[in-house]
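Undergrad: One structure is given below, represented as structure tokens, and several questions about it will come after.
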Amino acid sequence: MRSSRSCAGLSFKSQALYAIVFITRYLDLLWGRYTSLYNSIMKIFFIGSSLMILYQMKVKFRPTHDPNIDTFKIEYLLGGSFIMAIVFTHKYTIPEILWSFSIWLESVAILPQLFMLQRTGEAESLTTHYLFALGAYRALYIPNWIYRWLAEGHVEPIAIVAGIIQTVLYSDFFYVYYTKVMKGKKFELPQ
């Protein structure tokens, strides 16, 4: 955003959902047990960078954001994630429910961006690379789950189901990304 001086093509709503994900997941900074300096710094970085992106989109680059395209009803995602967090949680404590909520919300937080992409039918190269990186980051959790299961015997069903949902949501985007962008063409959705 800073180099292009624009946030055109980015969904403010998706970015806001990611900020909520990081805030609810990392609130344990206030009451959780200390893991490491690195862990604490990364949690603060994720929260801070998410809030900075929102600030830049709302204040600094506001004229480049078109709210008429970013129209996805995020209330359904927030409500659905909250219900899933209440129904599917390890323990009924505030930290565990917040963690579960953040996992479920992260699995669908990309939907406003994908909806916006569908409405416009095309995207800038930087936006498509950003979306690919977000999807690849989540898809790379799969080898992590396999490793933790084989090496530690640890299985996290909530994270696995939510991760599979998120990967499925990205699958169409990955296909178009591969068939267009990776072959040097402009990213355009099929008509």
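Undergrad: Would a scan of the range 80-95 turn up a residue that is touching a Ser or Thr at 6+ places or on another chain (Cβ under 7 Å), in contact (Cβ under 8 Å) with a residue 40 or more places away in the chain, of a type in the set (Val, Ile, Thr) and more than 24 Å from Leu29 (Cβ to Cβ)?
TA: The answer is no, given that none of the residues of the range 80-95 is touching a Ser or Thr at 6+ places or on another chain (Cβ under 7 Å), in contact (Cβ under 8 Å) with a residue 40 or more places away in the chain, of a type in the set (Val, Ile, Thr) and more than 24 Å from Leu29 (Cβ to Cβ).
Undergrad: Among Ser36, Ser6, Ser40, Ser50, which is more than 29 Å from Glu124 (Cα to Cα), of a type outside the set (A, V, I, L, M, F, W, C) and touching a Phe, Trp or Tyr at 6+ places or on another chain (Cβ under 8 Å)?
TA: Working: Ser36 fails: touching a Phe, Trp or Tyr at 6+ places or on another chain (Cβ under 8 Å); Ser6 fails: more than 29 Å from Glu124 (Cα to Cα); Ser50 fails: more than 29 Å from Glu124 (Cα to Cα).
Every option except Ser40 fails the conditions.
Undergrad: Under 8 Å by Cβ, and 6 or more places apart or on different chains, what pairs join a residue from the range 1-17 that is over 17 Å from Pro63 (Cβ atoms) with one that is in a loop (DSSP other than H, G, I, E, B) and open to solvent by less than 20 Å² (accessible area, probe 1.4 Å)?
TA: The qualifying pairs are Lys13/Asp70; Ser14/Ala109; Ser14/Ile110; Leu17/Ala109.
Undergrad: Could you list all residues from the range 104-123 that are crowded, with 21+ Cβ neighbours inside 10 Å and closer than 19 Å to Ile160 by Cα? Before you say what the answer is, go through the steps one by one.
TA: Taking the range 104-123 and keeping what is crowded, with 21+ Cβ neighbours inside 10 Å, we get 104-110, 112-113, 116-117, 123.
Within the range 104-123, Trp104, Leu105, Glu106, Ser107, Val108, Ala109, Ile110 meet the criteria.
Undergrad: Within the range 149-184, how many residues are surrounded by 14 or more Cβ atoms within 10 Å (Cβ to Cβ) and of a type in the set (Lys, Arg)?
TA: 1
Okay, residues lined up against (1) surrounded by 15 or more Cβ atoms within 10 Å (Cβ to Cβ); (2) among the acidic types (Asp, Glu); (3) out of contact with any helix residue (DSSP H, G or I) (no Cβ under 6 Å at 6 or more places or on another chain); (4) assigned to a loop (DSSP other than H, G, I, E, B):
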residue	(1), (2), (3), (4)
Arg5	no, no, yes, yes
Gly9	yes, no, no, yes
Asn39	no, no, yes, no
Met52	no, no, yes, no
Met57	yes, no, no, no
Asn68	no, no, yes, yes
Ala85	yes, no, no, no
Tyr92	no, no, yes, yes
Ser102	yes, no, no, no
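Undergrad: For Leu126, only one of the following conditions fails: (1) in contact (Cβ under 8 Å) with a residue 60 or more places away in the chain; (2) within 30 Å of Gly184 (Cβ to Cβ); (3) surrounded by fewer than 20 Cβ atoms within 10 Å (Cβ to Cβ); (4) touching a helix residue (DSSP H, G or I) at 6+ places or on another chain (Cβ under 6 Å). What is its number?
TA: Among (1) in contact (Cβ under 8 Å) with a residue 60 or more places away in the chain; (2) within 30 Å of Gly184 (Cβ to Cβ); (3) surrounded by fewer than 20 Cβ atoms within 10 Å (Cβ to Cβ); (4) touching a helix residue (DSSP H, G or I) at 6+ places or on another chain (Cβ under 6 Å), the lone unmet condition for Leu126 is (4).
The values are calculated or read from the model by the stated rules, or taken from the named source; none is laboratory data. A quick note: this is a predicted structure, and the numbers were derived from the prediction, not measured. Reconstructed Cβ throughout: ideal geometry from the backbone, glycine too, with neighbour counts over all protein chains shown. Accessible surface areas use protein heavy atoms only, side chains included; no ligands, DNA or RNA. Shrake-Rupley method; radii C 1.70, N 1.55, O 1.52, S 1.80 Å.
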